[in-house]
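Reading through the structure tokens given below for one structure.
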Number of protein chains: 2
Amino acid sequence: MNYPDRRKLVHTTSKASIVYGNRGMNLESEINLSNTFYREIDKAIIYKKPTPIKISKVDYKQNGQVIREGFFEKPSTTDYNGIYKGHYIDFEAKETKSSTSFPLANIHEHQIKHLLDVQRHGGICFLIVRFLIINKTFLLPSYKLEVFLEEESRKSIPLSYFLEHGILLKDGYNPRIDYLKAVDEIYGGVLYEKQT
Amino acid sequence: MNYPDRRKLVHTTSKASIVYGNRGMNLESEINLSNTFYREIDKAIIYKKPTPIKISKVDYKQNGQVIREGFFEKPSTTDYNGIYKGHYIDFEAKETKSSTSFPLANIHEHQIKHLLDVQRHGGICFLIVRFLIINKTFLLPSYKLEVFLEEESRKSIPLSYFLEHGILLKDGYNPRIDYLKAVDEIYGGVLYEKQT
């Protein structure tokens, strides 16, 4: 019997080299590309927020500052926000390796609370979740999340819930993931066109 | 003649030790405190975006990751955004030591362009500028900035322009700077109350 070479194993399970289905790009990169496309065609202005970092040591060099010690911080909000058709948009995107449910441990409770707060203030909020194994990506509007915040016993959102209440996002070329089309489907009635 | 000690000079001109007028807090801290207050009273949900950092070296320790090398990147957008009365809000805040004008070199051209882009999409956009020496802080709506982007020869915005077209922001206790009051004054007609 041939035991697999450990180095090879480590290599093939490193994040960069995992290819689920026939895609080679992770969800974040695809959303970033889609946002760039949306900005280029002037459809929406949406950006990923930088990762919050606590800096504790900086060197001052001739050609600028170099951070020598820093730590990743818990984000206070969600990763993405911006404006679409005059509306404030706010969302979080997550991948899961589970094929049956999205574990709520993957998202901070205060991030879900943030989405519901922004929703209450009139924003358009949602989660984008990709199930890597079955290679399906869903958009789930925030008002479908309330039940999971209210019931503390809920530890995950079943795939069946996404199938019933979410919108399946199809792969494309440009944009890679046309999630604003799903936003139109869900919120169409409340959206107005941008000022020109 | 006593030449100043170079180390002392470096110390006294460091950002933290400069106190202009009778305030000990910089503009960024005051806006952050105001935003926290606005969130606490549920008036608006506005955050400062984290500073973008390019990470080039990370150590993996038992209790987490430590960034060992990183560099500050130019922000793609403005520092602050969020939602107020159902509207997308986007702004940049800057201090200047000049007492006669705000040098446009203090703000990236693409940041002004970003404000005007968001404005075109229906967002509420502005600059907050503090003149440290005279201890005055103004809010200037983005539609008053267009002229400075069109005329490339303009290198600064004169204080007189802020006096004529901006709104003077008064100091307070909580919020420290009630800039949303100025937003109401300027955009009052287009704002609607949040969904309840």
Per-residue SASA entry for residue B:150, accessible area with 1.4 Å probe, Å² rounded to 10:
140 Å²
Taking a ≥ b ≥ c as the square roots of the eigenvalues of the Cα gyration tensor of the range A:65-105, is the shape rounded (a/c under 1.5), prolate (a/b larger than b/c) or oblate?
oblate
Delta accessible area of at least 50 Å² on complex formation, residues of the range B:66-86, 1.4 Å probe, chain isolated as reference:
B:67, B:68, B:72, B:83
In Hz, Karplus ³J(HN,Hα) per residue of the range B:44-54 (6.51, -1.76, 1.60; θ = phi - 60°; x = Gly, Pro):
7, 10, 10, 10, 7, 6, x, 5, x, 10, 9
Below 8 Å between Cα atoms, with a sequence gap of 6+, how large is the relative contact order for the range A:49-107 in percent?
24 percent
Scoring the range A:29-132 by relative contact order with C-alpha pairs under 8 Å, at least six apart, yields a percentage of 23 percent
Could you report the buried accessible area between A and B, both sides summed, computed with a 1.4 Å probe and given in Å² to the nearest 100?
3300 Å²
Suppose we compare each residue of the range A:40-55 in its chain alone and in the full protein complex with a 1.4 Å probe; which ones drop by at least 50 Å² of accessible area?
A:45, A:47, A:50, A:53
Structure shown: which of A:49/B:136; B:54/B:85; A:49/B:74 lie over 23 Å apart, alpha-carbon to alpha-carbon?
A:49/B:136; B:54/B:85
Computed accessible area, residue B:94, all protein chains, 1.4 angstrom probe, square angstrom
50 Å²
Rounded, prolate or oblate: which fits the range A:74-175, taking a ≥ b ≥ c as square roots of the Cα gyration tensor eigenvalues, rounded meaning a/c under 1.5, else prolate when a/b beats b/c?
oblate
Heavy-atom accessible area with a 1.4 angstrom probe orders A:49, A:43, most exposed first, as A:43, A:49
Between residue B:70 and residues 5 or more places away or on another chain, the pairs with built amide H atoms under 5 Å apart involve A:67, B:56
Give the carbon-plus-sulfur fraction of the accessible surface of the range B:81-126 in %, rounded to a whole number; probe 1.4 Å, heavy atoms of protein chains only.
49 percent
Per residue, how much accessible area does the range B:101-196 have with a 1.4 Å probe, in Å²?
50 Å²
Positions from the range A:107-143 whose accessible area shrinks by 50 Å² or more when the full protein complex is built, not the chain alone, probe 1.4 Å:
A:120, A:121
Here the range A:139-156 yields Karplus 3J(HN,Hα) values (6.51, -1.76, 1.60; θ = phi - 60°; whole Hz; Gly and Pro given as x) of 9, 10, x, 4, 5, 8, 9, 3, 4, 7, 7, 5, 9, 5, 6, 6, 9, 7
Here the percent of antiparallel bridges among DSSP beta bridges lying wholly in the range B:60-181, to the nearest 5, is 70 percent
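The values are calculated or read from the model by the stated rules, or taken from the named source; none is laboratory data. The structure displayed is predicted, hence computed values, not measured ones. Just so you know, the surface numbers come from the protein's heavy atoms only, side chains and all, with ligands and any DNA or RNA stripped out. Shrake-Rupley method; radii C 1.70, N 1.55, O 1.52, S 1.80 Å.
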